[in-house]
1. For M180, put the label point 7 Å out on the Cα→Cβ axis and report which residues of the range 149-171 keep their amide N under 20 Å from it.
2. Please list, in chain and number order, the residues 5+ apart from K199 or on another chain whose amide H is under 5 Å from its amide H, with Hs placed from the backbone.
3. To the nearest 0.05, how large is the calculated FRET efficiency for Q160 and Q58 if R₀ is 45 Å and r is the Cβ-Cβ distance?
4. Compute the accessible area per residue over the range 152-205, keeping the other protein chains in place, probe 1.4 Å, unit Å².
5. So, by mean Cβ neighbours within 10 angstrom, what's the order for 126-136, 76-86 with the highest one leading?
6. Collect residues whose amide H, placed 1.01 Å from N in the peptide plane, falls under 5 Å from the amide H of G113; neighbours closer than 5 in sequence don't count.
7. Round to a whole number: what % of the accessible area of the range 97-205 belongs to carbon and sulfur, probe 1.4 Å?
8. Count the net charge of all other residues whose Cβ sits under 11 Å from the Cβ of M180, scoring Lys and Arg as +1 and Asp and Glu as -1.
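The values are calculated or read from the model by the stated rules, or taken from the named source; none is laboratory data. Only a predicted model underlies this, so the values are computations on that prediction, with no experimental measurement involved. No Cβ is skipped: glycine too gets one built from the backbone with ideal geometry, and neighbour counts run over all protein chains shown. With ligands, DNA and RNA removed, areas are computed over all heavy atoms of the protein, side chains included. Shrake-Rupley method; radii C 1.70, N 1.55, O 1.52, S 1.80 Å.
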Amino acid sequence: MQRASIRACTLAMGLIVIALVTSHFVPQVSGQTGPGWVTLLDDKNMGDWTKVGETNWQLEDGAVVADKRTSKGAAYLLSKTSYKDFQLHIEFWASDDANSGIFLRCSDAENIGARTCYEVNIFDQREDPTYGTGAIVYFVEVNPMPKAGGKWNTYEITAQGRHITIMLNGQKTADLNNGMFTEGPFALQHGAGTIKFRKVAIKPL
């Protein structure tokens, strides 16, 4: 009986040690605060953006929300700084019918779109799903397309020179080598449905 108790205690201690060691080596989300990171939007601060198009961007329940677009075309929050090489961390929630996206290195701040920026899509119901959620529209397809609707998600985007990688919820969805757009602001889109952003942070490289 005593030996069984000792074995059980030893096993329990071993499991605790393994758990501690494992948690120590779990990679931290790169978008957390640290040297070089600048938080542009969080659960308490909508931040300072240029608004393009018209929708009801508002801080609500710890997230910046848009769900009532009034302009003819899509609406955007456009960064006031231009970026060339960077890491970008974005936490977002999208309704199943949301049409949104992250637009990188935009070359024309007054005409934001997939022809003037790299568009990292958030669009589960896109007619052509190969350029839906997780894709870089017109550049990198996804198959099968991951679904983002109805839950919180994280995009980790790295742009360095011609190389751009997209990670959605820890899984790589796009890897691009292309030099069409080299520098510019980035934008958060509201096209349809409901989109929420609760953290946006960037680290210039």
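1. The answer is 157-167, whose backbone nitrogens lie closer than 20 Å to the label point.
2. Here the answer is E91, since their amide H atoms fall under 5 Å of that of K199.
3. Values: r = 34 Å, r/R0 = 0.76.
About 0.85, to the nearest 0.05.
4. Numbers: 2190 Å² over 54 residues.
In whole numbers, the range 152-205 has 41 Å² accessible per residue.
5. Values: 126-136: 19.8, 76-86: 18.2.
The peptides rank, most packed first, as 126-136, 76-86.
6. Sorted by chain and number, the residues that satisfy this come to none at all.
7. Details: 1990 of 4570 Å².
C and S atoms contribute 44 percent here.
8. Values: positive: R105, R115, R162; negative: none.
That sum, taken over residues with Cβ under 11 Å, equals +3.
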